[in-house]
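Chemist: Quick one: the structure is below, and I'll ask about it shortly.
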Amino acid sequence: MKEAIEQIFQELQQLKATTQSEAEQARIRFLGKKGEITALMEQFRTIAPELKREYGQKLNELKKATTERIEALKSAAASAEEATQPKQDLTMPGDALPLGSRHPVSIVREQIVDIFRKFGYDVAEGPEIEDDYHVFEALNFPPNHPAREMQDTFFVSTGHLNPLLLRTHTSSVQVRTMETQPLPIRVVCPGRVFRNEAISARAHCIFHQVEGLYIDKNVTFADLKQAILLFAREMFGPETEIRMRPSYFPFTEPSAEVDVSCNICHGKGCNICKGTGWLEIMGCGMVDPNVLKASGIDPEVYSGFAFGMGVERIAMLKWQVNDLRHYFENDMRFLGEFATATEV
Ligand code: DAH
C-alpha cells in the first residue's frame, strides 16, 4: 500500500492536462468510484489497526493533493481554452455605421441649380462678406434710401463710404458677374445670406437664396415669365400654374412677386396656402437700366431679367415644413426624413 501511495504522489507531479476534459479524466482515474485512490481507501479498511494511523494520514494527504492538483489543471485548461476561443462570434455581420444624408436645404438648392443648368445657365458665386457698393449701391439703392431698410443689415465695418457687411441677398453676385463676364450673361447664384432678424418660425438671420440673371439683346418680360413657368413646373410638377403680382425692388423695373398654384390643395384652398390657392416663391423683374449702367452695360442695346428666391422657403413649401427653424437645428430625426429624398 505504501508503494502504491508513493507512486501516485509521483504521478501527480507529472500529471498534465491540456483540456478540461483531460483533467476530468484524471479525476475519474484517481478519485472516481473505481478510481485508484478510491480503491486504496477500500483497502485501508482491511489493514491492521496499528497501521491505520500512519496510512490514514498518508491517504488523506494524497487525496487532498490529488484534488488540488486536478483543480489547478482544470482551471489552467479552462483559461487556456477561453483564450483560444474568442468570446465574440467573429462571423457575425458588423453593425453598420449610420449613414449621413444630404441636408434638405442642400437638396433643394441643387435641384434649383440643376433646373436652370438644363436651361443653359452657369453657376456664379460671390463673397459672403461684401461691400455696400455690390449689395446696395450698384443695385440702385441710393444712399439713405428707405429700401435699404427692407433688409436689416449686419455691418462688419462702418464709418466710411463703402462699408463691409454680410450680404443681405445674393443679388450682389449679379453685379460681380456683370462686372467680370462677357455678354450675354445667363447665371444662377446660390449662396448664404444674412439679415439682422429675430429668429422665428418664418424668419432666420442666416438663410439661402438662389439669384438668377439673364442679359442679352431683346430680352423681354415674356422671356422672364416663360423661364419662371418652366422652372415652377420642373420644381413643383407639370400641372403647376404661376401668377405675377406687381411689386417693387430698386434693381428691377417693372418688378413682380411670383406665386405658384398650391401643390397641396391644387387651388382649392388649404392652410398651407392660407385658403388662397397660391404660394409666393420669389421676386423678379426686368433689370433696371440704372443697374446695367452701373456695371458698364448699355441699356439701349441690352436688356435682362433677374429673379431671386429663398431656398428654405421653397423647401418648406415642397415638404410642408411649417417652421423654418427645423432647417437649422440639425435634429437627426428631422434630417433623417430626407435621407432618400433625391427626387422631391
Ligand atoms: N434680392 C431680393 C431679396 O433679397 C430678391 C429678388 C427680387 C432678387 C427680385 C431679384 C429680383 O433678382 O429681381 O428679397
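Chemist: Need the failing condition index for LEU224 against (1) under 32 Å from the mean Cα position of the chain (by Cα); (2) modelled with pLDDT of 95 or more, just the number.
Modeler: (1)
Chemist: Filter the range 297-332 down to the residues that are at pLDDT 95 or above and among the small types (Gly, Ala, Ser) and list them by number.
Modeler: Result: SER303, GLY304, ALA306, GLY308, GLY310.
Chemist: Residues that are of a type in the set (A, V, I, L, M, F, W, C) and over 25 Å from VAL105 (Cβ atoms), at least 2 per element: which strands (runs of 3 or more DSSP E) completely within the range 247-344 meet that?
Modeler: Strands (runs of 3 or more DSSP E) meeting the threshold: 278-287.
Chemist: May I pose another question? I'd like to know if the range 157-168 contains one or more residues that are within 27 Å of ILE228 (Cα to Cα) and under 32 Å from the mean Cα position of the chain (by Cα). I'd like the intermediate steps shown before the answer.
Modeler: Step one: of the range 157-168, the residues within 27 Å of ILE228 (Cα to Cα) are 167-168.
Imposing the further condition that a residue be under 32 Å from the mean Cα position of the chain (by Cα) reduces the set to 167-168.
Among the residues of the range 157-168, at least one is within 27 Å of ILE228 (Cα to Cα) and under 32 Å from the mean Cα position of the chain (by Cα), which makes the answer yes.
Chemist: Just a yes or no: is a residue in the range 113-127 at pLDDT below 95, assigned to a loop (DSSP other than H, G, I, E, B), surrounded by 15 or more Cβ atoms within 10 Å (Cβ to Cβ) and hydrophobic (A, V, I, L, M, F, W, C)?
Modeler: Taking the range 113-127 as the starting set, the residues that turn out to be at pLDDT below 95 are none.
No, every residue in the range 113-127 fails to be at pLDDT below 95, assigned to a loop (DSSP other than H, G, I, E, B), surrounded by 15 or more Cβ atoms within 10 Å (Cβ to Cβ) and hydrophobic (A, V, I, L, M, F, W, C).
Chemist: Among the residues of the range 127-159, which ones are among the small types (Gly, Ala, Ser) and touching a strand residue (DSSP E or B) at 6+ places or on another chain (Cβ under 7 Å)?
Modeler: Within the range 127-159, just SER157 meets the criteria.
Chemist: A further question on this structure: If you take the residues in the range 128-161 that are among the aromatic types (Phe, Trp, Tyr) and in a loop (DSSP other than H, G, I, E, B), which one is farthest from GLU197 (Cα to Cα)?
Modeler: PHE141
Matching residues to (1) surrounded by 15 or more Cβ atoms within 10 Å (Cβ to Cβ); (2) within 33 Å of the chain's Cα centre (by Cα):
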site: GLU239; (1), (2): no, yes
site: GLU280; (1), (2): yes, yes
site: CYS284; (1), (2): yes, yes
site: VAL291; (1), (2): yes, no
site: ALA294; (1), (2): yes, no
site: ILE314; (1), (2): yes, yes
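Chemist: Another question about this same structure. I'd like the full set of residues that are on the phi > 0 side of the Ramachandran plot and in contact (Cβ under 8 Å) with a residue 24 or more places away in the chain, limited to the range 108-164.
Modeler: GLY120, ASN140
Chemist: What are the residues in the range 165-193 that are away from the ligand (no atom under 11 Å from the Cβ) and more than 17 Å from ASP122 (Cβ to Cβ), if any?
Modeler: LEU165, LEU166, ARG192
Chemist: With the checklist (1) touching a strand residue (DSSP E or B) at 6+ places or on another chain (Cβ under 9 Å); (2) within 16 Å of the ligand (Cβ to nearest atom) in hand, flag the one item PRO250 doesn't pass.
Modeler: Single failed check for PRO250: (1).
Chemist: Could you list, ordered by first residue, the pairs with Cβ atoms under 7 Å in which the first is in the range 201-222 and closer than 19 Å to ILE107 by Cα and within 12 Å of the ligand (Cβ to nearest atom) and the second is of a type in the set (Phe, Trp, Tyr) and part of a strand (DSSP E or B), at least 6 apart or interchain?
Modeler: Close Cβ pairs (under 7 Å, with a partner that is of a type in the set (Phe, Trp, Tyr) and part of a strand (DSSP E or B)) amount to GLY212/PHE307.
Chemist: So which of THR168, THR158, THR180, THR153 is in contact with a helix residue (DSSP H, G or I) (Cβ under 7 Å, 6 or more places away or on another chain) and either over 21 Å from SER295 (Cα atoms) or not basic (Lys, Arg) (or both)?
Modeler: THR168
Chemist: Moving to a separate point now. What single numbered condition from (1) at pLDDT 95 or above; (2) surrounded by fewer than 19 Cβ atoms within 10 Å (Cβ to Cβ) fails to hold for LEU335?
Modeler: Failed condition: (1).
Chemist: If PHE116 passes every condition in (1) closer than 25 Å to TYR327 by Cα; (2) hydrophobic (A, V, I, L, M, F, W, C); (3) out of contact with any Phe, Trp or Tyr (no Cβ under 9 Å at 6 or more places or on another chain); (4) within 16 Å of the ligand (Cβ to nearest atom) but one, which one does it miss?
Modeler: It fails just one condition, (3).
Chemist: Just give me the residues in the range 79-99 being under 30 Å from MET332 (Cα atoms) and either of a type in the set (Asp, Glu) or in the same structural domain as LEU324 (by TED's automatic domain parsing) (or both), in sequence order.
Modeler: Within the range 79-99, ASP95 is the sole residue that qualifies.
Chemist: In the range 162-196, what residues are touching a Phe, Trp or Tyr at 6+ places or on another chain (Cβ under 9 Å), over 21 Å from TYR302 (Cα atoms) and not in a strand (DSSP E or B)?
Modeler: ASN162, PRO163, ARG167, THR168, ARG195, ASN196
Chemist: Mind checking which residues of the range 279-306 are within 11 Å of ILE215 (Cα to Cα) and within 15 Å of the ligand (Cβ to nearest atom)?
Modeler: MET286, VAL287, LEU292, SER303, GLY304, PHE305, ALA306, listed by residue number.
The values are calculated or read from the model by the stated rules, or taken from the named source; none is laboratory data. Only a predicted model underlies this, so the values are computations on that prediction, with no experimental measurement involved. Reconstructed Cβ throughout: ideal geometry from the backbone, glycine too, with neighbour counts over all protein chains shown.
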